[in-house]
Amino acid sequence: MKRFIFVTFLISFTGLFCNAQKFNELINLQRYEKANAELPLPVKGEKRVVFIGNSITQGWVSQRPDFFQSNNYVGRGISGQTSPQLLSRFRQDVLNLKPVAVVINIGTNDIAENTGSYDPAFTLGNIMSMAELAKANGIKVILSSVLPVGEYPWRKEIKDVPDKIEALNAGIKAYAKKNKFAYIDYYAVMHDENRALISSYGKDGVHPTDEGYAIMEKVAKEVIDKVIK
């Protein structure tokens, strides 16, 4: 009996250990470790802005690098990531880079349940925590809406996606207003009559095309310029 209990405990512990290791790997602190080390601290008067997010941010930098280089923007997006993963690497990929402002865009993969069941309060809480960490470190906070999605190609079983996105965006916007943080509303200019991503703005209904990113750049830069002027 004692042997059975010990074996059961060992299996359970091993499972927890493996899951913990998996989560650490999913945070992917190594992704920008070298780039962060090579990035010099801003000089006096420099207005560096960090964009942190998921594949939408990562794809933005790779598809349209000139937008980032010409504006002293730094991209720190990792494909597939959710809000707890972003929060876990926020110090390394934002705070330590000493930007004047941070643009936080996250939540769509939470809704897609990439790392577990979707809990709106948990997701919004993670976004709030990142905003509060930035503010506490003298970094101006710019929150942004989740882009419109009709359905996730890799998770078609997820229902009521437009409703969930609208509700999360409403929460982010209300929090930004209450705390006098800037808010970039990509959603307002990128959804169609079905509350999905306008077809020409996305290649799979989730990830922007060049045309989609061009729209995002116009909306984002207008807000950022006001914040860092």
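Could you please give the count of residues in segment 56-97 that are in contact (Cβ under 8 Å) with a residue 24 or more places away in the chain, among the aliphatic types (A, V, I, L, M) and not in a loop (DSSP other than H, G, I, E, B)? Number of matching residues: 6.
Among the residues of segment 12-34, none qualifies, meaning not one is small (Gly, Ala, Ser), at pLDDT 50 or above and either part of a loop (DSSP other than H, G, I, E, B) or closer than 30 Å to residue 220 by Cα (or both). Evaluated against (1) touching a His at 6+ places or on another chain (Cβ under 8 Å); (2) of a type in the set (A, V, I, L, M); (3) free of Cβ contacts under 8 Å to residues at least 12 places away in the same chain, residue 43 falls short on exactly one condition, (1). I'd like to check something: does segment 198-216 contain any residue that is surrounded by fewer than 18 Cβ atoms within 10 Å (Cβ to Cβ), closer than 17 Å to residue 131 by Cα and not hydroxyl-bearing (Ser, Thr, Tyr)? No, that holds for no residue. If you go through segment 114-159 and pick out every residue that is buried (at least 22 other Cβ atoms within 10 Å of the Cβ) and assigned to a loop (DSSP other than H, G, I, E, B), you end up with 5. Among the residues of segment 176-186, those identified as part of a helix (DSSP H, G or I) and within 16 Å of the chain's Cα centre (by Cα) are 176, 186.
The values are calculated or read from the model by the stated rules, or taken from the named source; none is laboratory data. Owing to the predicted nature of the structure, the values given are computational and were not obtained by experimental measurement. Note that each Cβ is placed from the backbone with ideal geometry, even for glycine, and that neighbours are counted across all protein chains shown.
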